[in-house]
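Asks: Dropping a structure here in structure tokens format, bear with me for questions.
Read the figures in this text as sums done on the coordinates, not as results from a lab. All figures in this text were calculated on a predicted structure; none of them were measured in a lab. A quick note on method: Cβ atoms are made from the backbone with ideal geometry, for glycine too, and the neighbour counts reach across all protein chains shown.
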Amino acid sequence: MFKSKICSALGQSKEKNKINELNEESAHGNADAQCELGSLYQCGGVVEKNRPKASQLFTLAAEQGHAEAQCRLATMWHKGQVAEKTKEEKRKERDRAKELAKEGGYEFSTMPEADEEELTKYQRAARLYAKAADQGHAASQFMLGVMYTRGIGVEKDITTAMDNLELAASQGHHEKVLEFIKEEANGSLSAAFIRRKSLPGGLISNLEASPKPENIVPVKGHKHRPAVAART
């Protein structure tokens, strides 16, 4: 019992030291630390769950082009877990992010402010997934494929959806991609992939062996950028 208490105390001490280190690195603009600390606040356990704090940290890291942070922030927007801020709050947050990046010697980049004000939560998510997907982030490629398939936050586009799903599958997400293809669009997405014959890892054979639903509707699509809300 005594040994167990010592081990528990040592574990808590290490966790506390780790949090202190992450806080210090995060305060100096380290995007990796900001993302890791944001993940802890997002999930809770080691620290008390705090979604506003998590989204703030993910935003700081995402502004520096951190792909994992962009994906996590996109997911929070997608699920409606990010509280809207006033223009003044956004300006202050952006200025602070620039200061931290400059202090830490990190690159800072962001989307145009004029566009940001008019985006829905799904459009914000799609833009962030796209930024991470462009860096080869597999989970973001998968989610972008899902959003293009269903027309969530972007104009529905099966061709672009397939492009992103293929990229995700080629990076080890083949089971997840296969499951999504089979369940989506009454089999039309599956039929489109079979015609294209470009999925890796024997996925085409798996699709061809799957039961074919009746009345499959052919799908077509052209590449589009994420849709932006109409100006008022």
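Asks: Could you go through the stretch 146-161 in sequence order and give the Karplus-derived ³J(HN,Hα) for each residue, using 6.51 cos²θ - 1.76 cosθ + 1.60 with θ = phi - 60°, rounded to whole Hz, and x for Gly and Pro?
Replies: Whole-Hz 3J(HN,Hα) from phi for the stretch 146-161: 4, 5, 6, 5, 9, x, 9, x, 9, 6, 4, 7, 5, 4, 5, 4.
Asks: Mind scanning Lys14/Lys53; Lys98/Lys131; Lys16/Lys53; Lys16/Lys98 and naming the pairs with a C-alpha gap bigger than 24 Å?
Replies: Too far apart for the 24 Å limit: Lys16/Lys98.
Asks: Could you order peptides 31-42, 63-74 by the average number of other Cβ atoms within 10 Å of their residues, highest first?
Replies: With the highest mean Cβ count within 10 Å placed first, the list reads 63-74, 31-42.
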